[in-house]
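The numbers here are math on the coordinates, done by the rules we state, and not lab data. Just so we're clear, the structure is a prediction, and the values are computed from it rather than from any experiment. We place every Cβ from the backbone using ideal geometry, glycine too, and count neighbours over all the protein chains shown.
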């Protein structure tokens, strides 16, 4: 056995199967489109493998599987953060099997100290929640935004705060057009109904308790889901959320997977800064509207993959209930 082989074996022994299993359990908190959780996992003695679960892809909502890959990318970043927080350094191989397009990544423990940037986000894995309520008109720290931009860059993506009034107005028009047109696309409304009206004690989907009741101040891009039962919060008037565009230089499967990793990094970083977050994928699910965002609203050569909304909750806003997740046994491949 070489010294390198011995170091790897030592790292694996230090991590242990239980640590790898616990990391995957924590990664199940990752956000996903309609909370479909479109992933499955294999846990070996020396690796974690992530696969896309195409049985959970939303054919009408997500015709090209882009949302599915972004969701799985978020879970991949979550598992690395979990390993780092548990004291285990790791390396990731993306799309490792050209014969199996659903095998998205293999994560292996390695010797050494975990990435401190990942370790710093560990405590946020259970605290981050998607918040669809209007945000208070309170300024967001530029330093916090710079950290999010850096986190996205480390994951191979570009994060663009949309602050220019003209660009913001154009983007809001495009988002409103998407909200108005998508319900007319075949299969969209039926999938929305399925995933927002789950059976009792379901471990997936969007429960009504996670969706706010409508107010006259709600922006169109906050009305994707039917009116819910989330406790009302103090009035904030016009929504004060900051919109961030997440983009990649390419638009292939690897780019979309990396966009999901970047999304996770941004959301966890925002949570660490005391901010609420909402990933907005609706407009990006329609290819022609995605192109309008790129060329008309943002004027960028990169490919927008997601809009992320961040902001401060109104003082006295009720805490969000936990969104259900499937247990580990349900997402393990055998």
Requested in this report: Run through every distinct alpha carbon pair of the chain and return the Kirkwood hydrodynamic radius in angstroms, one decimal place.
Outcome: 20.3 Å
Query raised in the report: Ranked highest first by the average count of other Cβ atoms within 10 Å around their residues, in what order do 60-69, 296-305, 162-171, 252-261 fall?
Result: 252-261, 60-69, 296-305, 162-171
Query - Debye log10 I(q)/I(0) at q = 0.17, 0.21, 0.22 Å⁻¹ for segment 82-132, Cα point scatterers - result: -0.67, -0.81, -0.83
Query raised in the report: What ranking of 148, 263 emerges when the number of other C-beta atoms within 10 Å of each C-beta is taken as an exposure proxy, fewest first?
Result: 148, 263
Report summary line: Footprinting proxy, 267, 242: sorted fewest to most Cβ within 10 Å, the residues are 242, 267
Query raised in the report: Once both axes come from the Cα atoms, what is the angle between helix 165-181 and the longest principal axis of the chain, in degrees from 0 to 90, rounded to 10?
Result: 90 degrees
Query raised in the report: Once the Cα atoms of helix 142-154 and of the chain are each reduced to a long axis, what angle between those two axes, in degrees from 0 to 90 to the nearest 10, is obtained?
Result: 50 degrees
Requested in this report: Using a 10 Å cut-off on Cβ atoms, rank the peptides 119-125, 79-85 from the highest mean neighbour count down.
Outcome: 79-85, 119-125
Query raised in the report: Across 10 Å bins from the origin, how do the percents of Cα pairs in segment 248-334 run, short distances first?
Result: 14, 34, 32, 18, 2
Query raised in the report: Does anyone have the angle between helix 66-85 and the longest principal axis of the chain? Alpha-carbon axes, 0 to 90°, nearest 10?
Result: 50 degrees
Requested in this report: Would you mind classifying segment 43-169 by shape? Square roots of the alpha carbon gyration tensor eigenvalues, ordered a ≥ b ≥ c; an a/c under 1.5 is rounded, otherwise it is prolate if a/b is larger than b/c and oblate if not.
Outcome: oblate
Query raised in the report: What is the order of 26, 313, fewest Cβ neighbours within 10 Å to most?
Result: 26, 313
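What do you get when you divide the Cα radius of gyration of segment 14-112 by 2.2 N^0.38 Å, with N the number of residues?
Rg over 2.2 N^0.38 Å, computed on Cα atoms: 1.06.
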Requested in this report: With the convex hull built on the Cα atoms of segment 97-176, state its orientation-averaged projected area in nm².
Outcome: 9.4 nm²
